[in-house]
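Structure first, commentary second.
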Amino acid sequence: MIEKNGIVVSVEEIQADIFILKVRSPQIAVEEKPGQFCNIKVSDSTFPLLRRPFSICDVEGEVVSFQFNIVGEGTKILSQKQNGDILNIIGPLGVGFDFSGDFENVLIIAGGIGAAPFPFLIKNISDEKNIISFVGGRSKKDIIEYKLKNIITSTDDGSEGFHGNVVQLLDSEIDKYDSANTKIFACGPNPMLRALSEYTIESGFDCEISTESVMACGFGICQGCNVEGTHSDRFLLVCKDGPVFNAEDVKL
Ligand SMILES: Cc1cc2nc3c(=O)[nH]c(=O)nc-3n(C[C@H](O)[C@H](O)[C@H](O)COP(=O)(O)OP(=O)(O)OC[C@H]3O[C@@H](n4cnc5c(N)ncnc54)[C@H](O)[C@@H]3O)c2cc1C
Ligand code: FES
């Protein structure tokens with residue numbers, strides 16, 4: 001984990017309210033693993049006080065990318081950054097995806113801005129694997145396809161792709177895949193991850209989920225990001241034990 005000042009290279013609105021922020025930070029770029037995140041101080045003042053956590057979206061040489069939507073003040077400030085601005089970043093943080101197994105099919109399940117960590121995961125997965133991205137959103141405008149591969153979409157309102165949620169979309173396609181030869185990686189709102197976890201546990205598919213929680217410190221000190229574990233009485237910390245967990249290991 002490193003605290004460093006990075007230099008903003010660009011902030012681009014790739015579709016309505018969805019931004020890619022690129023920051024030159026050689027030390028952090030070299031350490032990053034897919035699924036990890038950084039805690040970013042979005043302004044030089046004391047407002048907002050807390051840093052904001054963002055998944056690593058991609059790494060290109062010395063440049064780290066983040067993908068975000070505007071939720072409140074912190075993300076609004078980030079969207080207004082200019083080239084050359086300095087950002088104080090702590091990272092890489094947390095436990096990322098485990099994509100080391102001997103499986104052939106990689107199913108990516110992304111809900112809304114949950115698409116953020118997958119460009120870097122896809123880049124790091126062998127070209128020999130069969131990668132399919134299931135991308136869901138409430139409506140067509142919420143579908144984010146940035147640097148994803150072999151995309152199938154779903155929308156709750158039926159304005160694009162499969163009419164339904166992304167877990168229902170997965171269910172409609174799952175017969176094509178053998179659970180012994182397939183691993184699922186997911187990120188999205190917690191209700192989506194909860195439904196997906198129930199589905200994959202019941203159907204016997206190995207699944208890792210990248211979870212969200214309100215965070216303060218980002219590295220295990222404040223205990224503010226705890227989540228209930230499945231296998232022991234101990235609470236798990238999203239920032240330190242996660243944000244990526246096996247679907248069987250947490251109760252969302
Ligand atoms: C591990 C992790 C990775 C994330 N990766 C991404 C990403 O790649 N792209 C993206 O757009 N968003 C990501 N988020 C969510 C992002 O951190 C929040 O949307 C952001 O902090 C909102 O800040 P704000 O000031 O704009 O909104 P605020 O007005 O402060 O808050 C609006 C809502 O955002 C959430 N939030 C606020 N502060 C935090 C915080 N410190 N930690 C977590 N949630 C918070 C709360 O639910 C709050 O109700 C991630 C969150 C976590 C925990
Ligand atoms: S954010 Fe402080 S312990 Fe996780």
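What the table shows:
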{"read-out": "Intensity falloff of the chain expressed as log10 I(q)/I(0), Debye formula with alpha-carbon point scatterers, at q = 0.10, 0.12, 0.16 Å⁻¹", "value": "-0.46, -0.67, -1.21"}
{"read-out": "Computed accessible area, ASP233, all protein chains, 1.4 angstrom probe, square angstrom", "value": "150 Å²"}
{"read-out": "Modelled FRET efficiency - R0 35 Å, GLN223 with ASN69, Cβ distances, 0.05 increments", "value": "0.80"}
{"read-out": "Accessible surface, per residue, of the chain when the full set of protein chains is kept, probe 1.4 Å, Å²", "value": "46 Å²"}
{"read-out": "Within the chain, percent of DSSP bridges classed antiparallel, to nearest 5", "value": "60 percent"}
{"read-out": "Segment ARG24-ASN83, length gained on full extension (0.36 nm per residue, minus Cα span)", "value": "20.2 nm"}
{"read-out": "Net charge over other residues, Cβ less than 12 angstrom from the Cβ of ILE132 (K, R count +1; D, E count -1)", "value": "+2"}
{"read-out": "Environment charge at VAL106 (Cβ cut-off 14 Å; Lys +1, Arg +1, Asp -1, Glu -1)", "value": "-4"}
{"read-out": "Hydrodynamic radius (Kirkwood) for the stretch 1-128, which is based on Cα pairs only, to one decimal in Å", "value": "15.0 Å"}
{"read-out": "Whole-number D in µm²/s for the stretch 84-151 (Stokes-Einstein; Kirkwood sum over Cα pairs; 10 °C, 1.306 mPa s)", "value": "116 µm²/s"}
{"read-out": "Mean projected area in nm² (Cα convex hull; one quarter of hull surface) for the stretch 197-252", "value": "3.6 nm²"}
{"read-out": "Sulfur and carbon atoms: percent of accessible area, the chain [1.4 Å]", "value": "48 percent"}
{"read-out": "Among ILE109, ILE201, ILE28, residue whose mean-square fluctuation peaks in a GNM of the chain (springs only between Cα atoms under 10 Å)", "value": "ILE201"}
{"read-out": "Cβ-based net charge around ALA180, under 15 Å, with every Lys or Arg adding one and every Asp or Glu removing one", "value": "-2"}
{"read-out": "Over the stretch 57-109: Kirkwood hydrodynamic radius from C-alpha pairwise inverse distances, Å", "value": "14.6 Å"}
{"read-out": "Choice from THR46, THR182, THR211 showing the highest fluctuation, given a GNM over the chain with Cα pairs closer than 10 Å", "value": "THR46"}
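The values are calculated or read from the model by the stated rules, or taken from the named source; none is laboratory data. Computed from a predicted model, the values in this text were never measured in an experiment. Cβ atoms come from the backbone with ideal geometry, glycine included; neighbour counts cover every protein chain shown. Heavy atoms of the whole protein, side chains included, go into the accessibility calculation; ligands, DNA and RNA do not. Shrake-Rupley method; radii C 1.70, N 1.55, O 1.52, S 1.80 Å.
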